[in-house]
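Only one structure is covered here, and it is reproduced in the block below.
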Number of protein chains: 2
Amino acid sequence: MRVLVTNDDGVYAPGIAVLTVFLAEAGHEPVVVAPDRERSSVGHAITLNRPLKLQKITGPYPEAVAAYSCDGTPSDSVVLGLEEIAPDIAVVFSGINKGPNLGDDLTYSGTVSAAMEGLVFGRTSVAFSLDCREEDGERHYETAGTFAVHLLKWLSDNPLPTGVLLNVNVPNLSPSLVKGVQITRKGIRAYEGKVNRLQDPHGRTYYWVAGRVEDELVEGTDVWAVAHGYISVTPIHLDMTHYPSLEILCGRGLAEIDLERRALPDRESTS
Amino acid sequence: MRVLVTNDDGVYAPGIAVLTVFLAEAGHEPVVVAPDRERSSVGHAITLNRPLKLQKITGPYPEAVAAYSCDGTPSDSVVLGLEEIAPDIAVVFSGINKGPNLGDDLTYSGTVSAAMEGLVFGRTSVAFSLDCREEDGERHYETAGTFAVHLLKWLSDNPLPTGVLLNVNVPNLSPSLVKGVQITRKGIRAYEGKVNRLQDPHGRTYYWVAGRVEDELVEGTDVWAVAHGYISVTPIHLDMTHYPSLEILCGRGLAEIDLERRALPDRESTS
């Protein structure tokens, strides 16, 4: 099967190389289009105000693999991959990300957003992330790569519901230590103390964003699953409408706001 | 009421100035923290790999308004605004964006993503966008500004459901021509022909992403409402889990994938 492979860690990152090699060794035909440098946490950014270039590379890929670097975002890479390089490709795999994409991190994630872009194009789309930390010595990308091959086989028999992509998070364990696969919902991952205030060598204040992760470990969620040694698979869609609120807001008169009536109490008395 | 005001068109854009002036004139206390330049379509990007700076500016704002430019994204501006500048602020208004944020554009939008960041911090958060086009001569930011003042009053009596923000799109009409307010769900806005292939003066190929908008005008959606002269208000949440798929995926054996069993047909026969 032909698969468009992209990521947000950049086209030379180890995760995307492992994903590509595993797919190729399983007899599939991966085509790589990925950012020329790390573009983590860029969200669903797309480049509209400047031109983009594609460059064919050899990189860390098997010789038979067509690979391109793109000077834009992960989503740009998917757009160019699907419109310019390989319009016939039906599957988009994004990853393997160095680090998890859990809870509310999804909208920040370049890895997941690239899969969202695949979904916008109507393709079968999956984001893969490895739940490793900066300080981890070993990174078990091979576990995610193994799962990706199994999942691709499963997907060929089981098309996803329309408008749904899969967000996969793999625990940083060797395949034999993984407890299994859980289908999960979004959990809660909060960041405490997001902003660090520092001083530059000239004595001027600057800030660095980095928070301490605070997970709510509730069974059935993505954060619980990977924390307990399971591969987490979360079905994601792009409709962020909160449907229960539609009726609530109507019932409270929001739709009756009249722009011609002055809203200010101190002016209402004179109007 | 104190309101953190941000945007993605940059701190000197006309839309954010109108929003700030309307709030100030209505007796509220806006505090502006916004990107130092245009950061449209950056999505929920957040800057983790380099430091950020804040600079106090006077800009196009009333003298009493505290205003800061930030060398990061819209979401960075909200993080710094709420953690460093004004931690006591309960309301985040993002906009008024030059151009609409409808349908699937939400995840690309810096304007909406800034409101998402406000929601992550537990604040009452609203994104405002004006449905104007590049070729429009007149831009009725005053209509969105007027609605923002009305909405702030409404919000003071009607707290939003937990975890919900409002995505407001205002038609490019003077207030007297607006037909009313509709509470809407996400509609479908597709882009045809996203990639334009061009040649630079050296004869090398480059690409520019820009598509022709294709709306599905279905009543009850955001795209329908603004196309018909209504202000569209869509309640948005950050949980992108597609709940109906949880059971579907479980039923099809996805959770039974075993990493130790080889997935490859040609290897299975030998294992």
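Coordinate-derived values only; no laboratory data. In this text the structure is predicted, and so the values were computed from the model without any measurement. Glycine also receives a Cβ, built like all others from the backbone with ideal geometry; neighbour counts cover every protein chain displayed.
Quick look at the numbers
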item	result
Principal-axis tilt of helix B:110-120 within chain B, Cα atoms, nearest 10 degrees	90
Nearest-first distances (nm) between copies at A:Ala190, label 7 Å from Cα via Cβ	4.1
Cβ-based net charge around B:Pro175, under 10 Å, with every Lys or Arg adding one and every Asp or Glu removing one	-3
Shape call, the protein assembly as shown: gyration tensor on alpha carbons, a/c limit 1.5	prolate
Under 5 Å, built H, 5+ apart or other chain: amide partners of B:Glu29	B:Arg2, B:Val3
Cβ-placed point charges (K, R +1; D, E -1), dipole of the stretch B:103-237 about Cα centre in debye, nearest 20	260
Rel. contact order, % - alpha carbon contacts under 8 angstrom, at least six apart, chain B	16
Which of A:Ile257, A:Gly145, A:His202, positive extreme of dipole for the stretch A:137-261 (C-beta unit charges)	A:His202
Only Lys, Arg (+1) and Asp, Glu (-1) charged, at Cβ; the stretch A:15-155 dipole about Cα centre in debye	240
DSSP loop GluC sites (Glu not before Pro) with at most 11 other Cβ within 10 Å: longest gap in chain B	B:139-218
Degrees separating the helix B:14-25 axis from the principal Cα axis of chain B, which is the longest one	50
Percent RCO, i.e. relative contact order, over the stretch A:136-271, from Cα pairs under 8 Å lying at least 6 residues apart	27
Trypsin sites (Lys or Arg not before Pro) within the stretch B:111-217, DSSP loop, no more than 12 other Cβ atoms inside 10 Å	B:Arg133, B:Lys179, B:Arg204
Gyration tensor (alpha-carbon) shape descriptor, the stretch A:1-151, a/c threshold 1.5	rounded
Share antiparallel - DSSP beta bridges, chain A, percent rounded to 5	40
Alpha-carbon centroid distance for the pair the stretch B:101-165 / the stretch A:177-249, whole angstrom	23
Position A:Arg37, label points 7 Å along Cα→Cβ, spacing to each other copy in nm (shortest first, one decimal)	1.4
Cα gyration tensor shape for chain A, rounded if a/c is under 1.5, else prolate or oblate	prolate
Shortest-first distances to equivalent copies, position A:Tyr243, nm, label 7 Å out along Cβ	0.8
Residue of chain B nearest the B-to-A rotation axis [by Cβ], rounded angstrom distance	B:Gly43, 2
